[in-house]
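The values are calculated or read from the model by the stated rules, or taken from the named source; none is laboratory data. Note that the structure is predicted; figures quoted are calculated from it, not measured. Quick reminder, even Gly has a Cβ in these numbers, built from the backbone with ideal geometry, and neighbours come from all protein chains shown.
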Amino acid sequence: MATNTSSNSPTAIPNPTTRYRRTGQRGINTEMLSWLFMRASGLLLVILVFGHLFVNLWLGLGVKGIDFAFVAGKWSSPFWQIWDLMMLWLGLIHGGNGVRTIINDYARGSTSRLVLKGLLYVAVVVTIVLGTLVIFTFDPCPAGAEPSLLPAICEG
Amino acid sequence: MTAVAERNEAPEAKAEEVPSFQVTMRIARFDPDSDKGHRWEDFTVTMHGTDRVLDALHEIKWHLDGSLTFRRSCAHGVCGSDAMRINGRNRLACKTLLKDLNIDKPITVEPIKGLPVEKDLIVDMEPFFDSYREVMPFLVAKGQEPSRERLQSAEQRERFDDTTKCILCAACTSSCPVFWTDGQYFGPAAIVNAHRFIFDSRDDAGEQRLEILNSKEGVWRCRTTFNCSEACPRGIQVTKAIAEVKQAVIRGRV
């Protein structure tokens, strides 16, 4: 690396080319894992998402069959709970990681980079936690609810 | 890559005569001693069908404005000194014929992007060479030095033939949008030159180079936009070379 000769004198003028100097390693390297994850999750998501679309929009009554009862019926089976959980986690982490690289590539200042990534991480974590909570605690007929608000499957 | 869509309508030329035409060069000027920053300046020159962009720059420097500053050495596409952004694309001025560009409109000539401009078309190449040095672009062989040549089969040589063609002109690195952002990415040229030694059967420092390129600013910042492959004046498949290095990093060996 070329030396910046004037950096020690008290009247040093900052070298305008310093911002182009390479500073070497920054932080730990998780980039390879992230790169591999993107490929693996991308492949899985193609199967998961198209399977989801096929089952929801094509089979049976098709798109007209989707209502509250349809979703409640699906989530009563652990298979669809896991399927949707995987879609939720992989989709959000895959998408969040993609947006993270875009922020790394395009945000110029370190402050804006930090703020944008902070917002992104909060949004991803909140959505994942809420989504997971809904998938596992979903109850189509909560006890003591106003009967007129409940779907037809809860009667009797 | 040649610009086939751009055409040239020279005035009717007699047989055996090289057609000549008027062409306007719109050049990005930058004077480090003035506060004006960068500005565009047009020069109209009469050139011939056999002339290259570099000849037009010479015509301007030698006959119109001696203060125009650019780098060139061999002028025949070997030294890699005169990479510049011509009509928005990185090319060597000495390998770009004027007749292959659209001469009805001014031809824009700018310095390559992502590196600090020193004057007019000259940029400071030091950051580029810094990352080149970091990948150790020299043969590292272990064990006893042989008393004769280090032998290599034609197939072993073929493995890294493409990446031996690099002339370090920086056309690829300065066309990479990831390199433009903060200049911390190693850049295609450094990875190409690491590839040249990583896949060389005589070299023993492949793992060390892979470790260097596995860093945060290494091969994983590549977004496979193919700008580098398109910019390379030597036709090196740069993105392919980067992908091969990625594969080698994942497998942990060559």
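When the residues of region B:220-239 are filtered to those that are within 19 Å of the chain's Cα centre (by Cα) and part of a helix (DSSP H, G or I), the one that is nearest to B:THR163 (Cα to Cα) is B:VAL238.
Checking each residue in region B:69-102 for being closer than 17 Å to B:ASP120 by Cβ, crowded, with 20+ Cβ neighbours inside 10 Å and more than 14 Å from the chain's Cα centre (by Cα) picks out only B:PHE70.
Would you be able to say whether some residue in region B:99-112 is closer than 26 Å to B:GLU217 by Cα and either within 14 Å of another protein chain (Cβ to nearest Cβ) or modelled with pLDDT of 95 or more (or both)? Yes: region B:99-112 contains one or more residues that are closer than 26 Å to B:GLU217 by Cα and either within 14 Å of another protein chain (Cβ to nearest Cβ) or modelled with pLDDT of 95 or more (or both).
Please verify whether region B:133-155 includes one or more residues that are of a type in the set (Asp, Glu) and within 13 Å of chain A (Cβ to nearest Cβ). I'd like the intermediate steps shown before the answer.
Step one: list which residues in region B:133-155 are of a type in the set (Asp, Glu), which gives B:134, B:145, B:149, B:155.
Filter once more, so that each one left must be within 13 Å of chain A (Cβ to nearest Cβ): B:134.
Yes; the residues of region B:133-155 include at least one that is of a type in the set (Asp, Glu) and within 13 Å of chain A (Cβ to nearest Cβ).
Can you tell me which residues in region A:104-125 are part of a helix (DSSP H, G or I) and surrounded by fewer than 11 Cβ atoms within 10 Å (Cβ to Cβ)? Selection gives A:SER110, A:THR111, A:GLY118, A:VAL122. Taking every residue in region A:31-60 that is within 12 Å of another protein chain (Cβ to nearest Cβ) and pairing it with any residue that is of a type in the set (Lys, Arg) and in a helix (DSSP H, G or I), at least 6 positions away or on another chain, the pairs with Cβ-Cβ distances below 9 Å are A:GLU31/B:ARG221; A:MET32/B:LYS246; A:SER34/A:ARG100; A:TRP35/B:LYS246.
With respect to the conditions (1) within 12 Å of chain A (Cβ to nearest Cβ); (2) surrounded by 18 or more Cβ atoms within 10 Å (Cβ to Cβ); (3) at pLDDT 95 or above, B:PHE179 lacks only one, and its number is (3).
Tell me the residue from B:VAL117, B:VAL192 that is surrounded by 22 or more Cβ atoms within 10 Å (Cβ to Cβ) and within 30 Å of B:LYS95 (Cα to Cα), please. None of the others qualify; the one that does is B:VAL192. Where helices (runs of 4 or more DSSP H) fall wholly inside region B:72-188, the ranges with 3 or more residues that are more than 27 Å from A:ASP105 (Cβ to Cβ) and assigned by TED's automatic domain parsing to the domain that holds B:CYS222 are B:154-158.
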